[in-house]
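Read the structure below first, then the notes.
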Amino acid sequence: MNKEKFIITKAHPQGFCDGVVRAIKLTKDALMSKDAKRPIYILGSTVHNKEISKAFASLGLIKISHEDLINIKEGTVIISAHGVAPSVYETLKKNNVDIIDTTCKKVVALHDLIKEKINLGYTVIFMGKANHEETIGALGISDKVLLFDENIDYSKIDKAILVCQTTLCFSDVANKFSELKQKYPSLELSCEICDATRVRQSAALNASKTSDLVLVVGDKESNNANTLVKTIKNTNKECYLIEGVSDLKDINLNNIKNITITSAASTPKVIVNEVIDTLNNIDTADFKTKIELLDYIK
Ligand code: SF4
């Protein structure tokens with residue numbers, strides 16, 4: 001390719017948030033501890049990153065689904081940063097299984113808010129990705145929590161409040177709420193997008209202003225990563241989600257000079273560093289990762 005060097009701008013902040021750092025630390029501590037009861041299970045994914053999940057699996061962590069829960073009668077179950085419904089704790093306690101709870105405090109605050117509103121007689125409309133662990137946990141709090149869809153008739157609901165998943169795109173939630181508010185003036189909003197998500201979105205927007213292309217490094221399953229892409233694309237800027245260096249070869253970098261790099265709250269820094277290193281040496285790149293599995297959770 002013999003390309004001129006790219007000018008690379010890193011959005012700041014980006015990458016691991018406090019909730020993810022805590023979830024990784026608690027999971028690692030459990031796997032290293034002689035005292036934690038075996039087997040050690042994780043309900044869902046520790047965080048949405050395949051490499052992190054593979055690294056923990058190599059240390060003995062066993063992934064289970066909600067359907068498996070009923071059959072887990074020994075050992076330890078780790079609750080992921082995305083949180084779970086109250087019924088999950090009840091099942092685990094009944095089965096005498098130890099619990100390590102890595103639920104992010106922002107998700108705990110969201111659950112507390114939902115419970116408070118339900119006690120005040122509200123129907124809570126949860127805006128979130130269907131089947132995402134955080135959505136499943138929130139919907140499981142009460143049958144008074146409904147998953148948002150375009151066909152809900154708010155005029156039939158006495159008191160309704162819209163709340164959202166912690167990792168949604170801020171402008172999407174704000175736009176949807178103002179659209180609904182025109183039709184249903186009594187609808188309330190409590191936007192629970194966490195600070196880590198908000199600052200990563202505005203940092204990416206700021207850093208992207210002078211760039212030709214934005215690369216979001218993150219897992220395709222990560223809501224956080226996908227909303228970063230959406231946030232950037234909402235400004236009509238060219239933007240791609242890449243999981244690592246191997247995805248770079250599918251992107252046409254001809255005529256590109258300025259690149260902004262950002263990453264999701266669940267993306268290990270080593271992946272971002274390798275992407276930048278590859279872009280800086282694009283002429284000789286083989287687009288194969290050199291990262292060792294355990295480096296993802298260091
Ligand atoms: S993205 Fe927000 S809610 Fe999710 S783990 Fe990080 S701080 Fe917590």
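Data for the structure
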{"read-out": "Residue match in the range 76-91 (condition: modelled with pLDDT of 95 or more, charged (D, E, K, R) and in the same structural domain as P39 (by TED's automatic domain parsing))", "value": "yes"}
{"read-out": "Filter pass, E221 being within 16 Å of the ligand (Cβ to nearest atom), out of contact with any helix residue (DSSP H, G or I) (no Cβ under 7 Å at 6 or more places or on another chain) and not polar (S, T, N, Q)", "value": "yes"}
{"read-out": "Those residues of the range 255-291 which are surrounded by 15 or more Cβ atoms within 10 Å (Cβ to Cβ) and part of a loop (DSSP other than H, G, I, E, B), in sequence order", "value": "I256, A264, A265, S266, T267, P268, A285, T289, I291"}
{"read-out": "Selection count, the range 236-254, where residues are surrounded by fewer than 14 Cβ atoms within 10 Å (Cβ to Cβ) and closer than 17 Å to Q201 by Cβ", "value": "1"}
{"read-out": "Test set (1) within 16 Å of the ligand (Cβ to nearest atom); (2) more than 28 Å from C17 (Cα to Cα) - N119 fails condition number", "value": "(1)"}
{"read-out": "Strands (runs of 3 or more DSSP E) wholly inside the range 1-106 containing at least 1 residues that are in contact with an Asp or Glu (Cβ under 7 Å, 6 or more places away or on another chain) and either within 16 Å of the ligand (Cβ to nearest atom) or without any contact (Cβ under 8 Å) to a residue 60 or more places away in the chain (or both)", "value": "76-79"}
{"read-out": "Filtered residues of the range 222-251 (kept if out of contact with any Ser or Thr (no Cβ under 9 Å at 6 or more places or on another chain) and part of a strand (DSSP E or B))", "value": "Y240, I242"}
{"read-out": "Subset of the range 154-205 (residues that are within 16 Å of the ligand (Cβ to nearest atom) and outside any helix (DSSP H, G or I))", "value": "V163, C164, Q165, T166, T167, L168, C169, S190, C191, E192, I193, C194"}
{"read-out": "The range 206-218 - residue that is over 18 Å from the mean Cα position of the chain (by Cα) and buried (at least 16 other Cβ atoms within 10 Å of the Cβ) and, of those, farthest from the ligand (Cβ to nearest atom)", "value": "D212"}
{"read-out": "Meets criteria (buried (at least 18 other Cβ atoms within 10 Å of the Cβ) and under 30 Å from A204 (Cβ atoms)) for A55", "value": "yes"}
{"read-out": "Meets criteria (among the β-branched types (V, I, T), within 16 Å of the ligand (Cβ to nearest atom), buried (at least 21 other Cβ atoms within 10 Å of the Cβ) and modelled with pLDDT of 95 or more) for V145", "value": "no"}
{"read-out": "Residue match in the range 247-263 (condition: within 16 Å of the ligand (Cβ to nearest atom) and small (G, A, S))", "value": "yes"}
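The values are calculated or read from the model by the stated rules, or taken from the named source; none is laboratory data. Quantities reported herein were computed from a predicted structural model and do not represent experimental measurements. A quick note on method: Cβ atoms are made from the backbone with ideal geometry, for glycine too, and the neighbour counts reach across all protein chains shown.
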